[in-house]
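*Asks:* Starting off with a structure, shown below.
The values are calculated or read from the model by the stated rules, or taken from the named source; none is laboratory data. Just so it is clear, the model here is predicted, and its values are computed rather than measured. Here Cβ is always computed from backbone atoms with ideal geometry, including for glycine, and neighbour counts include all displayed protein chains. Accessible surface is based on the protein model in full, side chains and every heavy atom, while ligands, DNA and RNA are left aside. Shrake-Rupley method; radii C 1.70, N 1.55, O 1.52, S 1.80 Å.
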Amino acid sequence: MPDLLLELFSEEIPARMQRKAADDLKRLVTDGLVEAGLTYASAGAFATPRRLVLTVEDLTEASPTTTEERRGPKVGAPDKAMEGFLRGAGVAREDLEEREDKKGRFYYARITTEGRPAAAIIAEMVPQVIRNFPWTKSMRWGSGSLRWVRPLHSILCLLNRDDGAEVVKFEVDGIPSGNTTEGHRFMAPGRFSVTSFEDYTAKLKRAFVVLSDEDRAEAIWHDATTMAFAAGLEVVDDKGLLAEVAGLVEWPVVLMGEIGADFLDLPAEVLQTSMREHQKFFSVRNPATGRIERFITVANRDTADQGATIIAGNAKVLSARLADAKFFWDNDLRIARDGMGDWRESLKSVTFERRLGSQSERVERIAALAREIAPMVGADPTAAETAARIAKADLSSEMVFEFPELQGIMGKYYALEAGLDAEIAAVAEEHYAPLGPTDDVPTAPLSVAVALADKLDLLTGFWAIDEKPTGSKDPFALRRAALGVIRIVLDGDHRIQLEAAISGALVPHQERIETDDTFAPYDDAIQALYDHGRDDDADALTQSVAENLPSWHDPERNAWNAGKALNLLSFFHDRLKVHLRAENIRHDVIDAALAKPPTDDLTLIVARARALQAFLDTPEGENLIQGYRRAANILTQAEEKDGVEYRYGADVKFAETDEERALFKALEAANTAIAPALKAEDFAAAMSQMAHLRGPIDAFFEAVQVNADNDIIRRNRLNLLHQITETCGAVADLTRLEG
Amino acid sequence: MADLTTPRSFQEIILRLQAYWAEKGCAIMQPYDMEVGAGTFHPATTLRSLGTRPWSAAYVQPSRRPTDGRYGDSPNRWQHYYQFQVIIKPSPPDLQEIYLGSLRAIGIDMDLHDIRFVEDDWESPTLGAWGLGWEVWCDGMEVSQFTYFQQVGGHDCHPVSGELTYGLERLAMYVLDCDDGNDMPFNDPDATIPLTYGDVFREAEAQYARWNFDVADTDVLLQHFQDAEAECARILEQPADDPKTGRHIIMALPAYDQAIKASHVFNLLDARGVISVTERQAYIGRVRALTKMCADAFVQTDAGGATAR
């Protein structure tokens, strides 16, 4: 069975697109083959800067011939209908067959689709794949209309069998398929022909091209680490850079060079960032000192001078780059050692968001907020305020202007240079955390206070001006900020009344936008108030908005604040559900926990939810829930029927059976044990006490008819059911559970 | 043709590039006589990349970036510098190879150096233009930008132009092995009166840096911006039929001069630090609107391919 080899040879493909393009080529072509009725044993895809390559092994020679039977018009149908059917089926009238079924006598056509040779299928399908290739960004060139990532130069397409190779003939926009390709642009110019994938890879290697991106990356990493090790140094790991560099070369040659002595004192992060971003160099570290002392670059060729010219050139370019970095660093140090006043001053002229004011105003808000939050997380309020004031000063520094990704990191260095304590300096770096869902969260109390203040100011600000995330759009990364708050609070078991914190953080935004002639939309606030049963506030807000916007008075102001806070709080609840999904805590379990006040103490909510989920995962838990539901259902039905609520006054003296008396006793024992557990917020202990009720409840329902004829006994039993629901609902509102 | 001897001066590099591209058939043009931020602004590139008429030109363009001024003290930054620009429409299939030949022509030995094409998508918000291509690296240094224009002035480019831009100072410093650009020989170092790049430009750099950063009258500049903007629109509002000659004359080029002027004034205002972040976008949008109007007008002209269609 033949093998297919396809190579699309072009000008340099961006490194970041190569892997996906190779995978797309494999998927699209193999899908096309299968769809056309061919099968194959295996396929592989490769990419270099100048080529995408696909190999498919053991392809069937042709698609099978298939026959299909199609029912046509009734015998005696009008000619028009017959003609249409014959045309559609591609058969002649005399080829039709007549057959009788329940509905009458019909014509039938047998349509045979002849199998097609693999070459014909490929020749038709590959040009379509090329024309419709899913590049994220593609272009035209010259006078042509074909789109490719960069100009496409040649197409190699072969089917090879034991007895030789056949070119699969086709043409795309004037480019004919053939059996030739090129090797390395400089080391082996000129075209050569190939006969199979084996022949192709072997000849490429001789022409200084390593086909596999994995092989290139592996070779680079091996040579780099070996070279560094021989010098008593180590390469700083950087998988992203490795993949990129492997996509920039066809013939990787690893070279190591020195960093000028003038630059060795720059912070390691600055050296690394400058080398990686500008030059795509790996950093080489001295393990003893932690300093970055050398660089590794990957050239695309061997040279007669063993790379001496290339290293010298690269070292020179790096020196120019680092001279810039050092220039920034030296300038920045002057301002840092002077107390960073210039930077804080210049933040006044940097707009954070038009309606939310300057970066400087934002910093002041964060400082005030950090001061409020500090006592709740065990931080000193004054230190938190100081730390917040300097945490973003580096945004005005030259280094951060050049390398935005160094924000915070530079802030820490500069704060230390300004003579601030290490704990305060660390806040500059740590208050941005966590950035990603798996990032570490800050744990130092000062960093926690400022990180929370930073995120709450961001969230309340955008809530105030009604710029919330919608669908996939979240330009200000507000979901990330909310998740950050959740993770910091949970990680540190912090007890924060979030609603009050949000409400307080909203006030400065409120004061700011109140003077704005476009007062931020308030529909969400009104809706949130209605949702929380605060109809009077909602009505008042609606009315005053309709009458005299924007000159508001305290009652409306308070209602707006409360409504926005409730709306933001439910956003937190949504993010919490998403976050806890990873812990396998069901969303209805969280709803059950959220139904118990306070609904804004995240640590408490999660403690309830975790206890409930753990309980539900045990057989006792599941059974108790059944008993609870039975009690709740009977109770609800009775209350609806009688139009009264059965809440109080269950008395053991009206109990008629032992089971009833046992249940009274068990409930009393459980309540006595649950109360201190609740007080200690030991919800797992509280739930395990409830588990003891399972036996008595089951026995009660087994032995006792709740709706007894005697009204006193019936009422007493209904009140007893209420006690069951009360006791079982002590940790979470079990009616919220689904299923 | 390949001249593997190393050039000896800044001007020799320019002369060799001109000779090379002349031999490849380009019209060797002279710099545009207006202040521009980059060689792309020359109408030989922006406007000539529009329409269907074939085009092939190369030229040196003195360029000004006021914010890059360092009073002549920086080894590699100047507010006034040179770009060498090549524009060929339609882009020939072997443009990469022809380009590499130009590097050989200025003495870069491909057997010893590492040349790489590194992704760099080009976009000019003020020109309403974008293209795909690369930065060309020689031993880790960017020596050229290589772009296939896809859109200019909001118009799809059809056919596509290939554009090459060489940053001459940086390239020359590399080829001539100079660490400080001011020390780079401008003319032949053995000439009776040898001059360095610094001899020629250092004084000017200091004077312009002071004017750009601290002295330029911002009120006057703001007025210039508005004047250029208004004049550009006024020119294009004129009826195409000239009442005096009776000829059909669309004045895309004079209008485009006003767009260039507005763009440069904006750069000066930026260097004076009087444009806030939010205003910045608005100014860029206003310049883009001008270049787009000019592009719209140019494609109505003969040179823009209106009759060739």
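*Asks:* Go through the stretch B:29-59 and give me each residue that's more than 20 Å from B:LEU127 (Cβ to Cβ) and touching a Phe, Trp or Tyr at 6+ places or on another chain (Cβ under 7 Å).
*Replies:* Within the stretch B:29-59, just B:GLN30 meets the criteria.
*Asks:* Would you please list the contacts, defined by Cβ atoms under 9 Å and residues six or more apart or on different chains, that run from a residue in the stretch B:147-159 that is within 13 Å of another protein chain (Cβ to nearest Cβ) to a residue that is in a loop (DSSP other than H, G, I, E, B) and aromatic (Phe, Trp, Tyr)?
*Replies:* Final answer for the pair search is B:TYR148/A:TRP141; B:PRO159/A:TRP141.
*Asks:* Which residues, taken from the stretch B:29-55, are in contact with a Gly (Cβ under 6 Å, 6 or more places away or on another chain) and of a type outside the set (Lys, Arg)?
*Replies:* B:LEU50, B:GLY51, B:THR52
*Asks:* Something else: Filter the stretch A:153-166 down to residues that are more than 10 Å from chain B (Cβ to nearest Cβ), within 25 Å of A:PRO49 (Cβ to Cβ) and open to solvent by 10 Å² or more (accessible area, probe 1.4 Å), then give me how many there are.
*Replies:* The qualifying residues number 1.
*Asks:* Another question about this same structure. Among the candidates A:ILE502, A:ILE590, single out the residue that is over 26 Å from A:GLU353 (Cβ atoms) and either modelled with pLDDT of 90 or more or of a type in the set (Phe, Trp, Tyr) (or both).
*Replies:* After applying the criteria, what remains is A:ILE590.
*Asks:* Among the residues of the stretch A:583-592, is there at least one that is open to solvent by 80 Å² or more (accessible area, probe 1.4 Å), in contact with a helix residue (DSSP H, G or I) (Cβ under 6 Å, 6 or more places away or on another chain) and part of a helix (DSSP H, G or I)?
*Replies:* yes
*Asks:* I would also like to ask the following. Would you kindly identify the helices (runs of 4 or more DSSP H) lying entirely within the stretch A:311-430 that contain at least 3 residues that are within 27 Å of A:THR297 (Cα to Cα)?
*Replies:* Once the helices (runs of 4 or more DSSP H) in the stretch A:311-430 are filtered for at least 3 residues that are within 27 Å of A:THR297 (Cα to Cα), what remains is A:398-402.
*Asks:* Inside the stretch A:169-287, counting only strands (runs of 3 or more DSSP E) that do not spill past its ends, which hold 1 or more residues that are farther than 23 Å from B:GLU142 by Cα?
*Replies:* Ranges flagged: A:175-178, A:180-182, A:191-193, A:282-285.
*Asks:* Moving on to the next point. Please find, among A:GLN705, A:GLN689, A:GLN723, the residue that is in a loop (DSSP other than H, G, I, E, B), open to solvent by 10 Å² or more (accessible area, probe 1.4 Å) and of a type outside the set (Val, Ile, Thr).
*Replies:* A:GLN705
*Asks:* Can you go through A:LEU59, A:LEU38, A:LEU54 and tell me which one is open to solvent by less than 10 Å² (accessible area, probe 1.4 Å), farther than 30 Å from A:PHE208 by Cα and not in a helix (DSSP H, G or I)?
*Replies:* When all the criteria are applied, what remains is A:LEU38.
*Asks:* Now for a different question. Just name the residue that is nearest to the other protein chains (Cβ to nearest Cβ) out of those in the stretch B:115-125 that are closer than 30 Å to B:ASP296 by Cβ and not small (Gly, Ala, Ser).
*Replies:* This residue is B:ASP121.
*Asks:* In the stretch B:75-97, what residues are free of Cβ contacts under 8 Å to residues at least 24 places away in the same chain and either under 15 Å from B:THR147 (Cβ atoms) or in contact with a helix residue (DSSP H, G or I) (Cβ under 8 Å, 6 or more places away or on another chain) (or both)?
*Replies:* Listed by number, the list holds a single entry, B:ARG77.
*Asks:* Another question, then. Have a look at A:GLY232, A:GLY240 and point out the one that is surrounded by fewer than 19 Cβ atoms within 10 Å (Cβ to Cβ) and free of Cβ contacts under 8 Å to residues at least 24 places away in the same chain.
*Replies:* A:GLY240 is the lone residue from the list that is surrounded by fewer than 19 Cβ atoms within 10 Å (Cβ to Cβ) and free of Cβ contacts under 8 Å to residues at least 24 places away in the same chain.
*Asks:* Just checking, which of A:THR30, A:THR48, A:THR60 is of a type outside the set (Gly, Ala, Ser), within 14 Å of another protein chain (Cβ to nearest Cβ) and either touching a Leu at 6+ places or on another chain (Cβ under 7 Å) or without any contact (Cβ under 8 Å) to a residue 60 or more places away in the chain (or both)?
*Replies:* A:THR48
*Asks:* Is it the case that A:LEU459 is open to solvent by 10 Å² or more (accessible area, probe 1.4 Å) and modelled with pLDDT of 95 or more?
*Replies:* Spelling it out, it is not the case that A:LEU459 is open to solvent by 10 Å² or more (accessible area, probe 1.4 Å) and modelled with pLDDT of 95 or more.
*Asks:* I'm checking my understanding of the structure. Among residues of the stretch A:648-660 that are surrounded by 15 or more Cβ atoms within 10 Å (Cβ to Cβ) and not in a loop (DSSP other than H, G, I, E, B), which one is farthest from the chain's Cα centre (by Cα)?
*Replies:* Filtering first and then ranking leaves A:PHE654.
*Asks:* Checking the conditions here, which among B:GLY128, B:GLY181, B:GLY162, B:GLY140 is touching a helix residue (DSSP H, G or I) at 6+ places or on another chain (Cβ under 6 Å), open to solvent by less than 40 Å² (accessible area, probe 1.4 Å) and away from chain A (no Cβ under 13 Å)?
*Replies:* Testing whether each residue is touching a helix residue (DSSP H, G or I) at 6+ places or on another chain (Cβ under 6 Å), open to solvent by less than 40 Å² (accessible area, probe 1.4 Å) and away from chain A (no Cβ under 13 Å) leaves just B:GLY128.
*Asks:* May I pose another question? Conditions: (1) open to solvent by less than 40 Å² (accessible area, probe 1.4 Å); (2) out of contact with any Leu (no Cβ under 7 Å at 6 or more places or on another chain); (3) without any contact (Cβ under 8 Å) to a residue 12 or more places away in the chain. B:LEU290 meets all but one. Number of the miss?
*Replies:* Here B:LEU290 clears every test but (3).
*Asks:* Would you check if there is a residue in the stretch A:602-621 being of a type in the set (Asp, Glu), open to solvent by 50 Å² or more (accessible area, probe 1.4 Å) and part of a helix (DSSP H, G or I)?
*Replies:* The answer is yes, given that some residue of the stretch A:602-621 is of a type in the set (Asp, Glu), open to solvent by 50 Å² or more (accessible area, probe 1.4 Å) and part of a helix (DSSP H, G or I).
*Asks:* Among the residues of the stretch A:116-132, is there at least one that is within 36 Å of the chain's Cα centre (by Cα) and modelled with pLDDT under 95?
*Replies:* So far as the stretch A:116-132 goes, no, none of its residues is within 36 Å of the chain's Cα centre (by Cα) and modelled with pLDDT under 95.
*Asks:* Next up: Go through the stretch A:87-105 residue by residue and tally those that are touching a residue at least 12 places away in the same chain (Cβ under 8 Å), in a helix (DSSP H, G or I) and more than 13 Å from A:ARG71 (Cβ to Cβ).
*Replies:* 1
*Asks:* Next up: I need the full set of residues from the stretch B:268-287 which are away from chain A (no Cβ under 14 Å), open to solvent by 70 Å² or more (accessible area, probe 1.4 Å) and of a type outside the set (D, E, K, R), in order please.
*Replies:* Within the stretch B:268-287, none qualify.
*Asks:* Please go through the stretch B:42-93 and pick out each residue that is open to solvent by less than 20 Å² (accessible area, probe 1.4 Å) and among the aliphatic types (A, V, I, L, M).
*Replies:* Residues satisfying the conditions are B:ALA44, B:LEU47, B:LEU50, B:ALA57, B:ALA58, B:VAL60, B:VAL86, B:ILE87.
*Asks:* Which number in (1) away from chain B (no Cβ under 11 Å); (2) touching a residue at least 40 places away in the same chain (Cβ under 8 Å); (3) touching a Lys or Arg at 6+ places or on another chain (Cβ under 9 Å) marks the one condition that A:GLU269 misses?
*Replies:* (3)
*Asks:* So for the stretch B:213-236 (the condition being open to solvent by 80 Å² or more (accessible area, probe 1.4 Å) and of a type in the set (S, T, N, Q)), does at least one residue qualify?
*Replies:* yes
*Asks:* Quick one: count up the residues across the stretch A:282-313 that are at the interface with another protein chain (Cβ under 7 Å from one of its Cβ atoms) and open to solvent by less than 60 Å² (accessible area, probe 1.4 Å).
*Replies:* Residues that pass the stated criteria total 9.
*Asks:* Another question about this same structure. Considering only residues that are within 13 Å of another protein chain (Cβ to nearest Cβ) and either in contact with a strand residue (DSSP E or B) (Cβ under 7 Å, 6 or more places away or on another chain) or more than 15 Å from A:THR273 (Cα to Cα) (or both), which ones fall in the stretch A:314-337?
*Replies:* Those that are within 13 Å of another protein chain (Cβ to nearest Cβ) and either in contact with a strand residue (DSSP E or B) (Cβ under 7 Å, 6 or more places away or on another chain) or more than 15 Å from A:THR273 (Cα to Cα) (or both): A:ASN314, A:ALA315, A:LYS316, A:VAL317, A:LEU318, A:PHE327, A:ASN331.
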